[in-house]
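First up is the structure itself, then whatever we jot down about it.
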Amino acid sequence: MTDTTARKRLLIVHHTQSGNTGRLAEAVLRGAQRVAECDTRLKRAFDAGTEDLLACDGLLLGTPENFGYMSGALKDFFDRTYYP
């Protein structure tokens, strides 16, 4: 039987060029920190790695749109963490 009272871990991974997506990610962080049962970490896409991903229960991704696709930094995060 699993312990449903354990604190959950939310990882917010983002990339921002102009600063707008970063401000959005920080606002999400502030909101998530108000949930007592949740530990939340905010990481830039280039700083987040496999260990961060494996340690979280939930993942929120923030990226600007570049020609209809995610930013290169977020794509790099996926490339580095997908297979491990």
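The values are calculated or read from the model by the stated rules, or taken from the named source; none is laboratory data. Predicted model only: the values in this text are computed from it and were never measured. Don't worry about glycine lacking a Cβ; one is built from the backbone with ideal geometry, like all the others, and counts go over all protein chains shown. Accessible surface areas use protein heavy atoms only, side chains included; no ligands, DNA or RNA. Shrake-Rupley method; radii C 1.70, N 1.55, O 1.52, S 1.80 Å.
Distances between placed amide hydrogens fall under 5 Å for L59 paired with L11, all partners being 5 or more residues away or on another chain. Whole-Hz Karplus values for region 32-38 come out as 5, 5, 7, 8, 5, 8, 10 Hz, taken residue by residue from phi with 6.51 cos²θ - 1.76 cosθ + 1.60 and θ = phi - 60°; glycine and proline positions read x. For D39, nonlocal amide neighbours, meaning residues 5 or more places apart or on other chains whose placed amide H falls under 5 Å from its own, are K8, R9, L10.
Among the trypsin sites (Lys or Arg not before Pro) in region 10-43, those placed in a DSSP loop whose Cβ has at most 11 other Cβ atoms within 10 Å are R34.
Average accessible surface for the chain: 70 Å² per residue, computed with a 1.4 Å probe over protein heavy atoms with every protein chain in place. For M70, no residue 5 or more places off, or on another chain, has a built amide H under 5 Å of its own.
With the full set of protein chains in place, find how many percent of the accessible area of the chain is carbon and sulfur; take the probe as 1.4 Å. Present the calculation step by step, with values, prior to reporting the outcome.
Values: 3250 of 5920 Å².
In the chain, the share of accessible area belonging to carbon and sulfur is 55 percent.
When the P(r) of the chain is calculated, the portion above 16 Å amounts to 53% of the C-alpha pairs. Relative to the dominant Cα principal axis of the chain, helix 72-81 is inclined by about 50°.
Stretched out straight at 0.36 nm per residue, the stretch from F78 to Q33 would grow longer than its current Cα-Cα span by 13.7 nm. For the chain, the list of chymotrypsin sites (Phe, Trp or Tyr not before Pro) that fall in a loop by DSSP and count at most 12 other C-beta atoms within 10 angstrom reads F67, Y82. Think of region 32-81 as a dipole: +1 on every Lys or Arg Cβ, -1 on every Asp or Glu Cβ, centred on the Cα centre; then among C56, F67, Q33, F67 lies furthest on the positive end.
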